[in-house]
Amino acid sequence: MRKKIKGIGMIGVIASLLLMLSCGPASDESQDYDANEISSPEMDANSSDLKITANTVSLYHFNKTYEAWSCGPYARWTRDVVSGYDLIVGEYHYDEYRGAKLSANTPFASGKSFKFDGIKDYLVGNRCGFYHGLKNLPQGTVEAYVNVTLFSGSACGIVSTYSCVNTDCDTTVSDAFEFGVDTDRKVFVSLPPAGVTLKSNKLLKLGKWYHLATTWDGSYLKIYINGVLDNKVATNAGVGDSNHLDVGRIQNTNAYCKGYIDEVRISRVALYAK
Ligand SMILES: [Ca+2]
């Protein structure tokens, strides 16, 4: 009997160790996701990072933030490991660091994600006062790991790009690109200049991690969920030039995300083609 209990104890210790190894550091909120739901070709449970390829335009691991006085207001930003097109998290003068917070809740074994509270949290492409968006991409992929926890009156904006007419950005032109999860729990992507919108067939569950990708290849705009093609629409439209890029918000509709976003990667080719 005693031996049996001891055996169970050892199994418990081993199970705990395996759990620690597989889950990484304790999260600030429970990791409510199903590992089977995350099975994209790029999923690597032993890594905190998506990969950089020759076709990667931008990649944000969201594992760290940096702070400095060096470029105008005291700012906190997160790094684009490919192009240096960093994203500003908050500027002290303006918002007292209001904004998204690093979180240990990530589908990966280590690293961090960004937690967005659904109340004006978003990251914006800006480094030392120089805003940036995306250069024209006739073909491309935008992807991220996303865990929507709640819809608080708006969709969850994952990535949007747009152009501001003046430096204060109080006048914008139509978004060039919108990618998010709508309040009906369907993934959506829009190319407003072309008048093209696509929604997923699949309904996402709240509180679960998914790998969400949208691709455009000159023939089709597509949505992939966990690496599986979900829906597509015929269009030759691509994503045009922009001078701003937001993560966690659809700019034109102020659709702030409530949930977690990790590993945003932008590529100049359509990945996941089938
Ligand atoms: Ca990460």
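Quick note: the coordinates plus some simple rules give every number you see, no bench work behind them. No experiment lies behind these values; they were computed from the predicted model shown. When we count neighbours, we look across all protein chains shown, and the Cβ atoms used for this are built from the backbone with ideal geometry, even at glycine.
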Most packed first (mean Cβ within 10 Å per residue), the peptides 116-122, 187-193 order as 187-193, 116-122
Return the distance in nm (one decimal) between the two label points of a simple spin-label model at LEU203 and SER83, each offset 7 Å from Cα along Cα→Cβ. 3.7
How long is the gain from ASP184 to CYS169 if the chain were fully straight, where each residue apart is worth 0.36 nm and the alpha carbon distance is subtracted? 2.4 nm
Restricted to Cα positions, what overall size does the range 74-201 have along the principal axes? Three whole-Å values, descending. 42, 38, 31
Could you give the length gained on full extension between ASN236 and LYS120, defined as 0.36 nm per residue of separation minus the Cα-Cα distance, in nm? 38.4 nm
Inverse mean reciprocal Cα-Cα distance (Kirkwood Rh) of the range 142-241, Å: 14.1
Given the pairs LYS112/LYS208; LYS135/LYS258; LYS199/LYS258; LYS64/LYS199, which span a C-alpha to C-alpha distance of over 22 angstrom in this model? LYS135/LYS258; LYS64/LYS199
